[in-house]
Amino acid sequence: MGVVTFRRARTDEQRSQRRRQILDTAAAMLTEMPVAKLSLNELSRRVGLAKANVLRYFESREAVLLDLLDTEVQDWITELQQLPTAGDGTARERGDQLADILATSMARRPVLCDLLGAQGAVLERNISTEVGIRHKHAARQSLRTLVEFVLRHLPELGNDGAAALVESTLLMSMSAWQCSRPSTAMLAVYASDPELAAMRIDFTELVRRTTAVTAAGLLARRGHGENAVRPA
């Protein structure tokens, strides 16, 4: 698509639609390429606007991606909220179920994982304080909602324990995603030797295992053994 003649969006609705178009295009691009490969020039070309006109709506490439991250997190939370609550099993069983839900749901959302993995080193750079404040307020609300979701499954954790589990799961997923996306050279290394291939990281399994272990540890510190049943 070539660059089309720019028509200024004059109403709030038109500006919102233009921003949505830019975000949707960026999201589509991230299904084809990692965050590191997405350039403002290519985004502008695909949207059909000059780069200067894209910058009328977002102050930088990073601001686009940060806004997209907030949207992806909200979509993920919406999916989680529609899932049934863990049954009446022991705390250990419910913790394992919760770990599986979090790990598998994130693995189904590669764009979310890629954005999370780039958040600190890429997305939160080259932005204004205003954009950063808006993002952190959105992130704070998302964390609160995720804590509520965790407490549905493991009320024994309490607010502090649930917050700790959410934070550790997100931090692990950020690191695990990057480490589980080997380069072409590393893929060849793994293919050359089964013993080396065993070192390749499985994102879903790593996040599932570490989340389950963290949940068990937090429960133990609060005096709830793995055989504890859900409070009445």
### In degrees, nearest ten, helix 203-221 long axis to first principal axis of the chain (Cα)
50
### Query
Any idea which of PRO182, THR11, MET106 is furthest toward the positive side of the dipole for the chain, if Lys and Arg beta-carbons carry +1 and Asp and Glu beta-carbons -1?
THR11
### Message
If the only charges are +1 at each Lys and Arg Cβ and -1 at each Asp and Glu Cβ, what is the size of the charge dipole of the chain around the Cα centre, to the nearest 20 debye?
### Response
1000
#### Entry: Charge dipole (debye, nearest 20) of the range 136-219; +1 at Cβ of Lys and Arg, -1 at Cβ of Asp and Glu
320
### Message
Need the full-extension length gain, ARG222 to ALA198, defined as separation in residues times 0.36 nm minus the C-alpha distance. One decimal, nm.
### Response
5.1 nm
## Note on the structure
If unit charges are put on Cβ atoms (+1 for Lys and Arg, -1 for Asp and Glu) and the dipole of the chain is taken about its Cα centre, the option from ALA138, LEU171, PHE149 lying farthest towards the positive end turns out to be ALA138
#### Entry: Net charge contributed by nearby residues that have their C-beta within less than 14 Å of ALA36 (K/R +1, D/E -1)
0
### Task
Restrict the search to the range 2-111; then list the GluC sites (Glu not before Pro) that DSSP places in a loop and that have at most 16 other Cβ atoms within 10 Å of their Cβ.
GLU32, GLU59
#### Entry: Label-point separation, ASP88 to ASN41 (7 Å along Cα→Cβ), nm
6.4
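FYI, it's all coordinate maths here, none of it is from the lab. Please read these numbers as outputs of a predicted model, since none were measured by experiment. Methodologically, a virtual Cβ is constructed for each residue, glycine included, from the backbone with ideal geometry; neighbour enumeration extends over all protein chains shown.
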